[in-house]
1. Each residue of the stretch 167-172 in order: what ³J(HN,Hα) in whole Hz does its phi give by Karplus 6.51 cos²θ - 1.76 cosθ + 1.60, θ = phi - 60°, with x for Gly and Pro?
2. What FRET efficiency would be calculated for the residue pair LEU138, VAL88, taking the C-beta separation as r and a Förster radius of 30 Å, to the nearest 0.05?
3. To the nearest 0.05, how large is the calculated FRET efficiency for LEU73 and SER177 if R₀ is 41 Å and r is the Cβ-Cβ distance?
4. Taking all protein chains in place and a 1.4 Å probe, what share, in percent, of the accessible surface of the stretch 55-178 do carbon and sulfur account for?
5. Can you tell me the order of 135-143, 64-72 when each peptide is scored by its average per-residue count of other Cβ atoms within 10 angstrom, highest first?
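The values are calculated or read from the model by the stated rules, or taken from the named source; none is laboratory data. The shown structure was predicted, so the numbers you read here are calculated from the model rather than taken from an experiment. As a convention, Cβ positions derive from the backbone with ideal geometry for all residues, glycine included, and neighbour counts pool all protein chains shown. Ligands, DNA and RNA are excluded from the accessible area calculation, which covers all protein heavy atoms including side chains. Shrake-Rupley method; radii C 1.70, N 1.55, O 1.52, S 1.80 Å.
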Amino acid sequence: VDVGLVLLRDRLAVLADDVDRPAAVALEDHPHGHLRLQRFLEQRLGLLVAAVRRGALICLVIAGPAAVVSSLLADDDSGGSTNQSNWVFIALAAVVIAYLAGGAAAGRRATAAPFANGATATLSAFVVVQVIFGIVRLAQGDGLSPIGLIFNGLLAATIGVVGAGIGVWRALRDTSSN
């Protein structure tokens with residue numbers, strides 16, 4: 001245990017010497033690969049991992065339950081009848097609001113590339129939900145529609161870009177009023 005504390009203290013001392021370098025750059029030789037990936041995403045693609053994570057989580061908190069409700073309401077056991085509850089449209093509106101909110105949260109936090117961060121946040125949340133629903137559909141013997149998944153993923157990313165625009169607008173409005 002004492003050896004671990006000494007190593008941690010020495011590592012913190014090295015980081016303290018690198019004050020002019022960002023922490024992700026100072027830790028590039030860290031044995032954990034996720035830090036190298038985070039550095040790549042931030043420097044090469046302009047994606048701020050914290051902003052994408054926050055936007056995706058906000059999106060998941062709202063869209064996850066709405067997608068479950070929508071899926072339960074849209075199940076049609078009446079042999080192809082088109083009689084569905086209108087509550088499906090309320091759940092769909094909640095999903096769109098979730099994509100807007102997730103994109104806005106990511107875009108507001110990421111100043112370098114807000115639109116890319118907004119699209120990535122909502123697309124990440126979409127992928128998480130669709131992987132779960134895809135596993136359930138396949139377990140039930142239902143098929144997946146690759147064209148539908150691609151279209152809906154692009155739609156989620158596009159709504160995330162619009163949300164990021166709203167987030168940037170709100171951030172600019174807040175900074176100009178101060």
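1. x, 5, 4, 5, 5, 5
2. Efficiency, rounded to the nearest 0.05: 0.85.
3. With a Förster radius of 41 Å, E is 0.45.
4. It is 69 percent, rounded to a whole number.
5. The packing order, highest mean first, is 64-72, 135-143.
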